[in-house]
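A.B. asks: Once you've had a glance at the structure underneath, I'll fire off some questions.
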Amino acid sequence: MLKCKAVWQKLAPLARDSSTLCRQNMKRTVLKCGCRPTLVPRAQMSSKIPGGENMAYYILVGGTFLGAGYYAYKTLSGDKRRYEERITEMSSRSSPLSGEQPMTFLQPELKEEAEPSEAPAAEDSAADPLGPEPVAAEPVVAEPSATEPVAAEPLAAESPAAEAVAALPEIPAHAPYLLIGGGTASFAAARSIRARDPGARVLIVTEEPDLPYMRPPLSKELWFSDDPTATETLRFKQWNGKERSIYFQPPSFYVSPQDLPKVENGGVAVLTSKKVVHMDVRGNKVRLDDNTEISYDKCLIATGGIPRNMQVIERAGEEVRKKVTLFRRISDFKSLEKIAREVKSITIIGGGFLGSELACALGRKSNESGLEVVQMFPEKGNMGKVLPEYLSNWTTEKVKREGVNVITDALVKNVSFKDDRVEIKLKDGRMVTTDHIVAAVGLEPSVELAKSAGLEVDADFGGFRVNAELQARSNIWVAGDAACFYDIRLGRRRVEHHDHAVVSGRLAGENMTGANKPYWHQSMFWSDLGPDVGYEAIGIVDSSLPTVGVFAKATAKDTPRAATEISGTGIRSESETEAVASGVMPINPTVPLAPQQGDDYGKGVIFYLRDKVVVGIILWNVFNRMPIARKIIKDGEEHADLNEVAKLFNIHED
C-alpha cells in the first residue's frame with residue numbers, strides 16, 4: 001500500500017496537467033478555425049471527481065495497483081522459497097554432538113598415545129623458558145571413543161560436512177603469520193605474536209620431524225640422566241632435580257595445519273618435515289620442497305644454522321663420513337648416544353662450547369662403560385677463543401679430570417679409514433685412531449633463501465643482514481642464529497646462543513605486530529661443564545680483547561646445580577631475562593684481587609674491554625646476577641677501577 005500511495009502522489013500532478021493542456025489546445029483550435037466542434041461529452045481529466053471518473057484515470061490507477069501487487073507477490077514468494085531451501089539444507093546436516101558424524105578421522109590408538117602427554121603439560125608449561133601462553137579459547141574437536149570403531153556410514157560420507165572436511169587441504173594456502181624454521185626463535189616469535197594478537201593464526205614450517213624444542217639439553221642434562229628411557233622420551237632431570245621435557249609444549253598445545261584457517265580464536269600450527277626452498281618477496285609467498293605454495297601477510301626467517309664440517313673429512317671418502325657426527329638435532333643426540341654404547345673410542349674435534357660440553361658428558365659416562373674419549377683442538381686450552389688464557393688452561397684441567405684425553409695445539413692434516421677404524425693424522429705427526437668422530441667446529445648460518453628472496457647476506461659475520469628492528473624487508477623479519485643485526489650499543493653482530501634466540505624471536509614477534517622496537521636487550525649465553533662448573537656471559541666475549549678478571553673462593557652454592565635450585569629452572573636464562581639490575585653496592589667492602597697463575601678460580605667476574613669500555617662480561621660460577629652485567633654494558637661508561645665494579649656482583653659474600 002505504501003508503494004501504491006507513493007506512485008499515485010507522483011502521477012496525480014501529471015494527470016491534472018494533462019487535462020488542463022487538452023482543454024487549452026481545444027480552445028485554440030476552435031478560435032483558429034472559426035467553427036465550433038461537434039458537441040460530444042467532454043472527458044473529465046481532472047483529478048477531482050465531479051460525479052464520476054474518466055477512463056484514463058481508471059487505467060492509470062488500476063495499472064499501478066496491479067503492478068505493485070505483482071511485485072509484492074513475487075517478493076514474498078521468493079523469500080519463502082529461499083527460506084524453505086535454507087531450512088532444508090540445515091536439517092540435512094548432522095549435528096557434531098549427535099554422534100551421527102564424527103568430526104575427525106583419528107584412529108583410537110592416536111588418542112591413547114596423546115593422553116600421557118597431558119599429565120606433565122602443566123609442569124612443562126611452568127618451566128617454559130618463553131613465558132606463559134596468553135589465554136585463548138582453543139577449538140573443541142570431538143574425538144571418537146576408544147571403544148567404538150571409527151567408520152563413517154555411507155550416508156554420512158555424502159553429507160555436506162563430510163565433503164567440506166575432505167576438501168580441506170593438508171597445507172593451508174595462506175598464513176597471516178608465516179615462520180620459517182622450527183627452533184627456539186620461531187617458537188618465541190609465535191608466543192610473542194599471540195600475546196599481542198590473541199586471535200592470530202601462526203604457521204611454523206620446519207624441515208625437522210619434531211615440534212619446537214630447546215637444544216641446550218642435547219649436550220648437557222640429557223647425558224647425565226639415570227633414566228634408560230630418556231633417549232626416547234626426551235625427558236630429563238635438571239640440575240636441581242626437577243624433571244621436564246625437551247619440548248617447549250606438548251602436542252595438544254598446537255592446532256593442526258589443516259584446521260588453522262578455520263579455528264575461531266586462531267592458534268599456532270607446525271608443519272613438520274617440510275622445507276621452504278624458494279621465496280617470492282614480491283608475491284608474498286613461499287614454495288616448499290613438494291612444490292606447494294603458501295602465501296603470507298608477514299614472514300619471519302628463523303632458519304638457524306647448519307653444523308660446519310671439516311674439509312679434510314669431506315675429502316676423506318664415504319667410509320669416513322659414515323663415522324662422523326655433526327651434532328645439532330635430536331636425531332644426532334639419539335644416534336651419538338647409541339654409538340657411545342657400542343664403540344670403544346670417540347674423538348671430539350673442537351674446543352668450543354659444544355665440543356667441551358660433549359667431552360665432559362661423554363667423559364663422565366666413560367667412567368662407567370670404559371669408553372675412551374678424546375678431545376682435540378688447535379687452541380692452547382678449552383674455549384680458548386672465549387676465555388682468557390689462564391682460565392682456558394684451568395678449564396682444560398677440569399675437562400681432563402672428567403676422564404677426557406685432551407690434545408691441544410692439534411691441527412688435523414688428514415683423516416683416513418683403515419681396518420674399520422678412523423685414523424686422524426695431525427700436522428705435527430701425531431696420530432689418533434678412533435671408532436667415531438664428532439665434529440664440533442662451529443655453525444654455518446642457513447641463508448639458502450637469500451638468493452631467491454633477494455636478501456642481503458653480511459660479508460663479515462654471515463647471516464641475513466637486518467636493521468635494529470630485525471627487519472630485512474617491510475614485511476620480512478629475521479631472528480636467531482641466521483640474523484646479522486645492528487646492536488644499538490655494540491654495533492653489528494651475529495649471535496649463536498639459546499637466549500639470543502629467545503630474545504630476538506620475542507622482539508621479532510612484537511615488531512611483526514607493529515611494536516617497532518629496536519634491539520637493546522642484551523642476550524646472554526651459558527655453558528656447563530657438568531653440574532659443578534659453569535659460567536654465564538653477555539656481550540662481546542673474545543679472548544683477543546683485553547680482559548680484567550676478579551676472583552674469589554667458591555662455596556657449595558656456587559655451582560650450576562645450586563643456581564638452578566635457587567631459580568627453580570634448568571634453563572638459567574628463563575628467569576634472568578625479566579630481572580632488573582640494582583645499583584646498590586654490596587655490604588662487604590672487601591676489594592677483590594686480580595687472579596694469579598695457579599689459583600683455583602672458584603668463582604669470579606671477567607670484564608672484556610674495547611677502547612677502555614666494558615663490552616663483554618663472563619660470570620664464572622656466579623649465577624642469577626646477569627641483570628647487573630647487562631646494565632654495565634648498556635651504560636657504556638669507562639671505569640677507572642674494575643675492582644670496584646666487581647663489588648656489584650657480591651662475589652665475596654658467603
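A.B. asks: Under a 5 Å amide H to amide H cut-off, with H placed in plane at 1.01 Å, what residues pair with W477 once short-range neighbours are removed?
C.D. replies: C299, L300, I301, A472
A.B. asks: Farthest toward the dipole's positive end in segment 415-563, which of G534, L507, A453, given Cβ charges of +1 (Lys, Arg) and -1 (Asp, Glu) about the Cα centre?
C.D. replies: Positive-most Cα among the choices belongs to L507.
A.B. asks: Under the Karplus relation 6.51 cos²θ - 1.76 cosθ + 1.60, θ = phi - 60°, what is the ordered set of whole-Hz ³J(HN,Hα) values for segment 500-509, x standing for Gly and Pro?
C.D. replies: Whole-Hz 3J(HN,Hα) from phi for segment 500-509: 5, 4, 5, 5, 5, x, 4, 5, 4, x.
A.B. asks: Sorted by average packing, counted as other Cβ atoms within 10 angstrom per residue and highest first, what order do 288-300, 343-355 take?
C.D. replies: Order by mean packing, descending: 343-355, 288-300.
A.B. asks: List the residues whose amide H sits under 5 Å from the amide H of G616, counting only those 5 or more places along or on another chain, with H placed 1.01 Å from N in the peptide plane.
C.D. replies: I540, Y608
A.B. asks: From the square roots a ≥ b ≥ c of the eigenvalues of the alpha-carbon gyration tensor of segment 374-415, which class results: rounded (a/c under 1.5), prolate (a/b over b/c), or oblate?
C.D. replies: Oblate.
A.B. asks: Could you give the dipole magnitude of segment 336-493 about its Cα centre, charging the beta-carbon of Lys and Arg +1 and that of Asp and Glu -1, in debye to the nearest 20?
C.D. replies: 160 debye
A.B. asks: Take the alpha-carbon centre of segment 445-494, take the same for segment 331-373, and report the distance between them in whole Å.
C.D. replies: Result: 34 Å between the Cα centres.
A.B. asks: Assign unit charges at the C-beta atoms only (+1 for Lys and Arg, -1 for Asp and Glu), then state the dipole size of segment 440-522 relative to its Cα centre in Debye, rounded to the nearest 20.
C.D. replies: In total the dipole reaches around 240 debye.
A.B. asks: Highest mean first, what order results for 426-437, 269-280, 518-529 on Cβ atoms within 10 Å?
C.D. replies: Descending mean neighbour count gives 518-529, 269-280, 426-437.
A.B. asks: Go through segment 308-321 residue by residue and turn each phi into a ³J(HN,Hα) via Karplus (6.51, -1.76, 1.60, θ = phi - 60°); whole Hz please, and just put x for glycine and proline.
C.D. replies: Here the 3J(HN,Hα) series is 7, 9, 9, 4, 5, 6, 5, 7, 6, x, 5, 4, 5, 4 Hz.
A.B. asks: Quick one: Karplus J couplings for segment 342-355, per residue in order, coefficients 6.51, -1.76, 1.60, θ = phi - 60°, nearest Hz, x for Gly and Pro?
C.D. replies: Those phi angles translate into 10, 9, 9, 8, 10, 10, 9, 9, x, x, x, 4, 5, x Hz.
A.B. asks: Listed here are the pairs K380/K425; K237/K275; K275/K385; K262/K298; K242/K553; which of them are more than 22 Å apart at the Cα?
C.D. replies: In this structure, K237/K275; K275/K385; K242/K553 lie more than 22 Å apart at Cα.
A.B. asks: Enumerate the amide H contacts of V406 below 5 Å, restricted to partners 5 or more residues apart or on another chain; note that Pro and chain-start residues carry no placed amide H.
C.D. replies: Hits under the 5 Å cutoff: Q375.
A.B. asks: Something else now. Could you give the size of the charge dipole of segment 164-257 about its Cα centre, using +1 on the Cβ of each K and R and -1 on the Cβ of each D and E, expressed in debye and rounded to the nearest 20?
C.D. replies: For segment 164-257, the charge dipole is close to 460 debye.
A.B. asks: Among 612-621, 633-642, 406-415, how do they line up from the highest to the lowest mean number of other beta-carbon atoms within 10 Å?
C.D. replies: 612-621, 406-415, 633-642
A.B. asks: Please list S192, S544 from largest to smallest accessible area, probe radius 1.4 Å, with all protein chains kept in place.
C.D. replies: Result, largest first: S544, S192.
The values are calculated or read from the model by the stated rules, or taken from the named source; none is laboratory data. Bear in mind the structure is a predicted one, so any value in this text is a computation, not a measurement. Every residue, glycine among them, receives a Cβ derived from its backbone with ideal geometry; neighbour counts consider all protein chains shown. When the accessible area is computed, the model is the full protein with side chains, heavy atoms only, and any ligands, DNA or RNA have been set aside. Shrake-Rupley method; radii C 1.70, N 1.55, O 1.52, S 1.80 Å.
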